[in-house]
1. In segment 355-372, what residues are open to solvent by 80 Å² or more (accessible area, probe 1.4 Å) and touching a strand residue (DSSP E or B) at 6+ places or on another chain (Cβ under 8 Å)?
2. Restricting to segment 281-311, and then to whatever is open to solvent by 40 Å² or more (accessible area, probe 1.4 Å) and assigned to a strand (DSSP E or B), can you tell me which residue is farthest from THR29 (Cα to Cα)?
3. Can you name the residue in segment 75-112 that is out of contact with any Phe, Trp or Tyr (no Cβ under 8 Å at 6 or more places or on another chain) and acidic (Asp, Glu) and, of all such residues, is most open to solvent (accessible area, probe 1.4 Å)?
4. Any idea how many residues of segment 331-348 are among the charged types (D, E, K, R) and more than 16 Å from GLU392 (Cβ to Cβ)?
5. Having 3 or more residues that are under 28 Å from the mean Cα position of the chain (by Cα) and under 29 Å from ASN48 (Cα atoms) is the bar; report the helices (runs of 4 or more DSSP H) wholly within segment 102-192 that clear it.
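The values are calculated or read from the model by the stated rules, or taken from the named source; none is laboratory data. Because the structure is predicted, anything quoted here is derived from the model rather than measured. Heads up, the Cβs are rebuilt from the backbone with ideal geometry, glycines too, and the neighbour counts pull from every protein chain shown. Just the protein is used for accessible areas: all its heavy atoms, side chains included, with ligands, DNA and RNA removed. Shrake-Rupley method; radii C 1.70, N 1.55, O 1.52, S 1.80 Å.
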Amino acid sequence: MFNKKIKSVILAAGRGTRMKSELPKVLHTIFDKPLISYVIDAVNAAGNIDENFVIVGHEAEKVEKFIMSEYDNVKCILQSPQLGTGDAVNRAAPFLKDFDGYVIVICGDTPLITSETINDFIEFHNNNHADLTVMSAIYENPKNYGRIIRDKNKKFIAIVEEKDATYEQKAVKEVNAGIYCINWKTVSPGFSCLKSNNAQSEYYLTDIVKWAVEQNLTVQSYILENNDEIFGINTKLHLAQAAKILNKKSLERLMNEGVQIIDTESAFISPETTIGADTLILPNVYITGKNKIGNKCKIGPFAHIRDGAEIGNNVRIGNFVEIKKSIIKDNTNVSHLSYIGDSELGTGVNIGAGTITANYNPITKVKSKTVIKDGANTGSNSVLVAPVTIKEMASIGAGSIITKDVEAYSLAITRAPLKCLSNWVKNKIEQFSGRTGEK
């Protein structure tokens, strides 16, 4: 490897007008995870990047609030007014004044980029002793992308945006992928030299290539192997398409690791979820966030598992069950129509149909924990009002509402005594038909 320090600049200031949403584009989600998080996570996982600068603009407060709540190695920098991508990178210059290393520039709306590709890109830049490296891709139909322009000797000399491209330049199939590796000490002076004499009257980041060529710096392009990785999100349609690409990759990984998925068209499983071998995923399962599911489990059909679930081995999560931020240990069944949230279930627990762990107080906004110890079971339509503990081998009668801890090996029942009124229906029928009901 190499000894250069590396930082990133992530572009997230755009309005995203084609999303047709009040929500900032980079906060739109796939598997309940914002787009900007996919990019930051990929950059962080690359290994050698110790600090990230996110350029914010549209709805900057919302974007910054989210980022600062999730990451401790990110600084948000405001771009106002928004004068283009070249100006956006230049906003980070005061924070990189004495920096002697590499800066990765990447867009915050490319959730499919991987840390492996970022690593390979940086190594390519370093091994070729480049001052500036641009990630590129080959497309048969390169519409809407900036074109990589080379001279007659195939030397990379410029990037031309499609709006500014000539007919001949539009025929070029090698395009700008929007990711850059910059030797900051040698290239950063160029950002103050950029001009806005283009169709958009903006300072294009792409013009830094032309400047670097004019300064006789070493400029390289790294051709991407998998074009899906630079899929940018500009519309809700793009969001759905990216989700399918991400999901397909996730399902293929899981199946290669021994998970059986009955219907890959209806199962959606987040990339952060790990699942053990011989677990069966039935149709219409939706799993979001970071979860761990063990071996030989049976999930679905129509199950929803949310962020923070830890599920052991040989566990059944069945029809129309939702699991959220809960630990479920080995050999436990949650088979039908139940909600288990902020809970811990022991081994060999059986959850009856329609059981609910009532974990949220809407007045105090506090979420409390339900604990169900080994071997306990709940009858159908039980409500466990947290905080509450059901101890070992205890049993909850069907239809009960439990608000206090239940002792081990005991039966807890809160339903009212059964009361039967003889001939009540018969009498009502006779009254309705005009009879007295007397014999």
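1. The answer is TYR360, LYS367, LYS369.
2. As a first pass, look at segment 281-311 and keep what is open to solvent by 40 Å² or more (accessible area, probe 1.4 Å): 284, 286, 290, 292, 295-296, 298, 302, 304, 306-307, 310.
Narrowing the set further to residues that are assigned to a strand (DSSP E or B) leaves 286, 292, 298, 304, 310.
Values: TYR286: 15, LYS292: 21, LYS298: 27, HIS304: 17, GLU310: 23 Å.
The residue in question is LYS298.
3. ASP98
4. Narrowing segment 331-348 to residues among the charged types (D, E, K, R): 342, 344.
Narrowing the set further to residues that are more than 16 Å from GLU392 (Cβ to Cβ) leaves 342.
Qualifying residue count, segment 331-348: 1.
5. Details: elements: 115-127, 167-170, 184-187.
Ranges flagged: 115-127.
Per-residue answers, yes or no, for (1) closer than 25 Å to LEU35 by Cα; (2) of a type outside the set (Ser, Thr, Tyr); (3) open to solvent by less than 10 Å² (accessible area, probe 1.4 Å):
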position	(1), (2), (3)
ILE245	yes, yes, no
LYS249	yes, yes, no
GLU257	no, yes, no
THR264	yes, no, no
SER270	yes, no, yes
